[in-house]
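Working notes, structure below.
The values are calculated or read from the model by the stated rules, or taken from the named source; none is laboratory data. Here the structure is a predicted model, which is why all the values come from computation and not from measurement. Cβ sites come from the backbone with ideal geometry, for glycine too, and all protein chains shown count toward neighbours.
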Amino acid sequence: MKLSLNYWRNPSGKAPIEKYIDSIDNKEERAELLSILKGIQENGTDAIGVEFRQIEGKLWELKIRIHGNQHRIFYVVLKGNEMILLHAYLKKTQKAPIKEIEVAKQRMRAVTGG
């Protein structure tokens, strides 16, 4: 199932996910991450190179490992197949930091109105 992939944007129109992706210094790593996101758009949860994990309620996480780095992207799915990427970070510890989850939850509430 194809997914419509969109980035959450703050009131001034900036998308923190784009900023996160642009901040990846390694061009190959950045290209691979973008390729995986394109794969998610085309193949949904059958995409290769990514794990999907439920965090809490409607909040989910993409787990993407590239060049030894563990990228995490929180998202929510709206109206059937619209996936909104809310927040991304580079995982460095065993557990997702509470502050990263809180940022994602706050943005999810803004998107879902809940």
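Does region 98-112 contain any residue that is modelled with pLDDT under 95, of a type in the set (G, A, S), in contact with a helix residue (DSSP H, G or I) (Cβ under 9 Å, 6 or more places away or on another chain) and more than 17 Å from I21 (Cα to Cα)? No, region 98-112 has no match at all. Scanning region 59-81 for residues that are over 19 Å from L34 (Cβ atoms) and at pLDDT below 95 gives V77, L78, K79, G80, N81.
The residues in region 36-49 that are in contact with a Gly (Cβ under 8 Å, 6 or more places away or on another chain), surrounded by 12 or more Cβ atoms within 10 Å (Cβ to Cβ) and not small (G, A, S) can be counted, and the count is 1.
Tell me which residues, restricted to region 88-106, are assigned to a strand (DSSP E or B) and of a type in the set (G, A, S). If the condition is that a residue be assigned to a strand (DSSP E or B) and of a type in the set (G, A, S), then A88 is the only one that fits. Can you pull out the residues in region 1-11 that are at pLDDT 95 or above and over 19 Å from E61 (Cβ atoms)? Hit for region 1-11 is R9, nothing else.
Annotation note: of E28, E18, the sole residue that is touching a residue at least 12 places away in the same chain (Cβ under 8 Å), in a helix (DSSP H, G or I) and among the acidic types (D, E) is E28.
When restricted to residues that are of a type outside the set (G, A, S) and out of contact with any strand residue (DSSP E or B) (no Cβ under 7 Å at 6 or more places or on another chain), region 53-85 contains 5. Taking the criterion of being in a loop (DSSP other than H, G, I, E, B) and surrounded by 14 or more Cβ atoms within 10 Å (Cβ to Cβ), the residues of region 50-87 that qualify are V50, K58.
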